[in-house]
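What follows is calculated from the coordinates using simple rules that are stated; it is not laboratory data. Just so you know, these numbers come straight off a predicted model, no measurement behind them.
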Amino acid sequence: TGTGLMDFSAPDSGVYEGMLFWNDRNAPNRDPDSTIAGTSDSRFEGALYFPSTHVNYAGTSTAAAWNMIIANTISIVGTTTVTGDYRASTILPPTRKATLVE
């Protein structure tokens, strides 16, 4: 989180293709939460994998070609966007089917 320009893209090849940030699926869910936040010039393209913890996705970040958030719980705050146009990217997502699971 911060006020500087952040432009993160997942690797476009290899074992971790499409994975931007990840956390151990066995990590305990406790404070502080995982927070991804940026300014209007920030861009995050790739999968955010936090299956056992809470993710705060906040700010006014610009839309990347695609985002994917996998988390135990998610808070999306501000004017940030989550997009899914993987065709506009050279980075392929780990999956192309969006699903909301409770």
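Fully extending the segment from residue 29 to residue 74, taken as 0.36 nm per residue of separation minus the present Cα-Cα distance, adds 15.0 nm. Remark: the residue 7-residue 22 segment gains 3.7 nm on full extension, using 0.36 nm per residue and subtracting the alpha carbon distance.
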